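The values are calculated or read from the model by the stated rules, or taken from the named source; none is laboratory data. Predicted model, so just to flag it, every value in this text is computed and none were measured. Glycine also receives a Cβ, built like all others from the backbone with ideal geometry; neighbour counts cover every protein chain displayed. We work out accessible area using only protein heavy atoms, side chains counted, and drop any ligands, DNA or RNA first. Shrake-Rupley method; radii C 1.70, N 1.55, O 1.52, S 1.80 Å.
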Amino acid sequence: MDLLSNRSSASGLPVSLTINGAHHDVSVDPWVTLLDLLRGPLSMTGTKKGCDHGQCGACTVLIDGERINSCLKLAVSLDGAEITTIEGLGTPDNMHPLQKAFVEHDAYQCGYCTPGQICSAAGLLKEGHAHSREEIRELMSGNLCRCGAYTNIADAIEDVMQAENVGAHREAAE
Amino acid sequence: MKPFEYLRPSDVSEAVAALAANPEAQVLAGGTNLVDLMKYDVTHPGAVIDINRLPLKEIEQLEDGTFRIGALVSNSIAAYHAGIAGELPLLSSAILAGASPQLRNAATCGGNLLQRTRCYYFYDASTPCNKREPGSGCGAVGGVNRIHAILGASQHCIATHPSDMCVALAALDTVVDVAGPTGDRQIPFLDFHRLPGDHPERDNTLQQGEIVTAIRVSGGHFKRHHSYLKLRDRLSYAFALVSVAAALDIGEDGTILDIRVALGGVAHKPWRDPLAETECAGQPANRDTFQALATRLLAGARGQGDNDFKIEMARRAIVRALEQAAAGTPQIQSHKAIF
Ligand SMILES: Cc1cc2nc3c(=O)[nH]c(=O)nc-3n(C[C@H](O)[C@H](O)[C@H](O)COP(=O)(O)OP(=O)(O)OC[C@H]3O[C@@H](n4cnc5c(N)ncnc54)[C@H](O)[C@@H]3O)c2cc1C
Ligand code: SF4
Ligand code: FES
Ligand code: FES
């Protein structure tokens, strides 16, 4: 068996993670979620906690490239994983196309759900299963927006998706 | 969350040995249900056995066409797998009707079978619940029971099984591969989940120390005529009030060669009546036949008060799903209009 801890573990278990390209060796108790690890000890508060129960999508990050609710993942179970959070997608000076599109389309009001929406949209684009606005809406349904910015969120994602398609066609043609 | 021991076995026999040795241990797969329940203190395993390093992530197609899906294959990978989407589109559709994309990325096929009920009282550790705490009573009988069972319930528990994937698996031909302390065995899917009876604390027929290693599914002869119709309070990211997995094999003369109907959201397990289905063979694949089958499937249905509407809803959903299947126009999960 790989690893054991006892219940009174005061020291935690060793976990190594690559977060936004940087390597982190941390020690965590087995009951700590990835979300709490990010926002607490690692002080990366871009990822938000809405419900803490998989019901809102605010905590969505990319784990090994796939969008996942970080509130339901025990950090210890992710030893060796590569994680991308909103902080790693782009910076204010060098925004990810989705970040730019969200600004252009005013795809938020309070902004609390936005990091989760953008990480989720990044996962959606990579998955490649959305081909229409209807499919974007269905496949973004794991991200709730209490402010109801859904129309603009769908617009922003649709824009980036179309730009990517145009880019891909151009590349294919060249 | 209560503190627990964390173990990470690297193969199936280590996992089974660890699980069999400790009655307080529970298996962790995608964690989307277990971690949630631990946060609410509905369950508090003394040890968590993380099986994510086990080699159970393959999908293979066997010579007879059956798909063998490893227990750790994610719901997303199973749903979008080209072979499964092509041969068993009912299964893909049912998976995609459940949860959200990011939950489906984390959720595993084994975990989906073993997810617990969404009964509100089960989730609220301050209320009585025979499933959570045997002998404490049932808050839902005589309580708020809008989402509860209309078929196969007992006086001790009226909970439903919440899975969408399992409804399709029940309609198709499915076997569950299990590994345990006394060896491997296979459980026919319809025997995997159980009705609550006197022991609502037991959702299924797994024995202490057993884990699911794979599911085997076939049913390629339904690929032209199928539909998964899910009715819920909002159009996406919500559990079913009633769902129907319908599959048909129709002869050239328009009569039924094979028909399957499984219901979700109505019982402690996906609900099917194989005898009633057999008797439909040779009959025309039309509304009269479907209505008669619906009436028969729901003959024993009983509401609990708040959920009485489910009986009529299920009757109509069965007929509609079978009509969609017969017409070759399955419900599309991203298109919410029901035709
Ligand atoms: C907000 C929300 C909405 C959801 N909506 C839907 C929905 O609409 N439809 C739907 O079908 N589902 C829905 N789900 C449930 C989701 O599909 C399940 O949580 C998921 O399938 C469970 O898989 P997992 O791998 O995460 O299991 P885990 O949480 O890891 O485990 C669940 C249970 O199974 C046991 N277990 C896991 N794997 C094995 C194994 N191989 N052998 C033995 N025991 C095992 C665990 O011990 C635990 O008891 C929803 C979940 C959430 C949080
Ligand atoms: S219906 Fe079942 S799960 Fe719900 S409170 Fe009653 S015993 Fe518990
Ligand atoms: S905080 Fe994770 S889904 Fe709401
Ligand atoms: S912008 Fe406020 S919750 Fe979405």
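Within the stretch B:96-110, residues that are more than 16 Å from A:GLN117 (Cα to Cα) and more than 8 Å from chain A (Cβ to nearest Cβ) sit with their Cβ atoms under 9 Å from residues that are assigned to a loop (DSSP other than H, G, I, E, B) and among the acidic types (Asp, Glu), at 6+ positions apart or across chains, in these pairs: B:LEU96/B:ASP164; B:ALA97/B:ASP164; B:GLY98/B:ASP164.
For the stretch B:33-50, a residue qualifies if it is more than 16 Å from ligand 3 (Cβ to nearest atom), facing chain A (nearest Cβ under 10 Å) and either free of Cβ contacts under 8 Å to residues at least 40 places away in the same chain or in a loop (DSSP other than H, G, I, E, B) (or both), and exactly one does: B:GLY46.
If you scan the stretch B:79-129, which residues turn out to be farther than 20 Å from B:VAL35 by Cβ and within 15 Å of the chain's Cα centre (by Cα)? Correct list: B:ALA79, B:LEU90, B:LEU91, B:SER92, B:SER93, B:ALA94, B:ILE95, B:LEU96, B:ALA97. One residue stands out in the stretch B:135-151 among those that are open to solvent by 30 Å² or more (accessible area, probe 1.4 Å) and in a loop (DSSP other than H, G, I, E, B): the one that is nearest to ligand 1 (Cβ to nearest atom), namely B:ILE147. Remark: pairs (first residue in the stretch B:152-163, more than 23 Å from B:ASN33 (Cα to Cα); second residue surrounded by fewer than 19 Cβ atoms within 10 Å (Cβ to Cβ); Cβ separation under 6 Å; 6+ apart in sequence or on different chains) = B:GLY152/B:LEU195; B:SER154/B:GLY197.
Filtered by the rule that a residue be open to solvent by less than 10 Å² (accessible area, probe 1.4 Å) and either more than 10 Å from chain B (Cβ to nearest Cβ) or within 13 Å of the chain's Cα centre (by Cα) (or both), the stretch A:29-39 gives A:LEU34, A:LEU35, A:LEU37, A:LEU38. Check the stretch B:211-227 and report whether any residue there is over 27 Å from B:LEU19 (Cα atoms), assigned to a strand (DSSP E or B) and open to solvent by less than 10 Å² (accessible area, probe 1.4 Å). The answer is yes, given that some residue of the stretch B:211-227 is over 27 Å from B:LEU19 (Cα atoms), assigned to a strand (DSSP E or B) and open to solvent by less than 10 Å² (accessible area, probe 1.4 Å).
The residues on offer are A:ALA107, A:ALA122, and the sole one that is part of a loop (DSSP other than H, G, I, E, B), crowded, with 17+ Cβ neighbours inside 10 Å and of a type outside the set (Val, Ile, Thr) is A:ALA107.
Quick grid of which residues meet (1) of a type in the set (Lys, Arg); (2) in the same structural domain as B:GLY251 (by TED's automatic domain parsing); (3) under 15 Å from B:ALA240 (Cα atoms):
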site	(1), (2), (3)
B:LEU293	no, yes, no
B:ASP306	no, yes, no
B:PHE309	no, yes, yes
B:ALA337	no, no, no
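Count, please, the residues in the stretch B:153-180 that happen to be within 12 Å of ligand 2 (Cβ to nearest atom) and assigned to a loop (DSSP other than H, G, I, E, B). So the count comes out to 8.
For (1) closer than 15 Å to A:ALA81 by Cβ; (2) touching a helix residue (DSSP H, G or I) at 6+ places or on another chain (Cβ under 8 Å); (3) within 16 Å of ligand 4 (Cβ to nearest atom), each residue gets a yes or a no:
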{"position": "A:ALA22", "(1), (2), (3)": "yes, no, no"}
{"position": "A:THR33", "(1), (2), (3)": "yes, yes, no"}
{"position": "A:ARG39", "(1), (2), (3)": "no, no, no"}
{"position": "A:LEU42", "(1), (2), (3)": "yes, no, no"}
{"position": "A:GLY46", "(1), (2), (3)": "no, yes, yes"}
{"position": "A:ALA58", "(1), (2), (3)": "no, yes, yes"}
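Report, by residue number, each residue of the stretch B:57-95 that is within 14 Å of another protein chain (Cβ to nearest Cβ) and open to solvent by 30 Å² or more (accessible area, probe 1.4 Å). Listed by number, the residues that qualify are B:LYS57, B:ILE77, B:TYR80, B:HIS81, B:ALA82, B:ALA85. Is it true that some residue in the stretch A:40-54 is within 14 Å of chain B (Cβ to nearest Cβ) and among the small types (Gly, Ala, Ser)? Yes, the conditions are met somewhere in the stretch A:40-54. Being hydroxyl-bearing (Ser, Thr, Tyr) and open to solvent by 20 Å² or more (accessible area, probe 1.4 Å) is a condition met by no residue of the stretch A:67-76. Given the condition within 24 Å of B:TYR237 (Cβ to Cβ) and among the β-branched types (Val, Ile, Thr), answer yes or no: does some residue in the stretch A:101-112 qualify? Checking the stretch A:101-112: not a single residue is within 24 Å of B:TYR237 (Cβ to Cβ) and among the β-branched types (Val, Ile, Thr).
Considering each residue of the stretch B:236-254 in turn, at least one proves to be crowded, with 24+ Cβ neighbours inside 10 Å, touching a helix residue (DSSP H, G or I) at 6+ places or on another chain (Cβ under 9 Å), part of a loop (DSSP other than H, G, I, E, B) and of a type outside the set (Asp, Glu).
Being within 16 Å of ligand 3 (Cβ to nearest atom), under 17 Å from A:HIS105 (Cα atoms) and more than 12 Å from chain B (Cβ to nearest Cβ) is the filter here; which residues of the stretch A:137-162 pass it? If the condition is that a residue be within 16 Å of ligand 3 (Cβ to nearest atom), under 17 Å from A:HIS105 (Cα atoms) and more than 12 Å from chain B (Cβ to nearest Cβ), then A:CYS145, A:CYS147 are the ones that fit. Given the structure, is A:GLY50 within 16 Å of ligand 4 (Cβ to nearest atom) and within 17 Å of B:GLY31 (Cβ to Cβ)? So A:GLY50 does not fit the description; no.
For the stretch B:52-63, indicate whether the set of residues that are within 16 Å of A:LEU72 (Cα to Cα) and part of a loop (DSSP other than H, G, I, E, B) is non-empty. For the stretch B:52-63, residues within 16 Å of A:LEU72 (Cα to Cα) and part of a loop (DSSP other than H, G, I, E, B): present.
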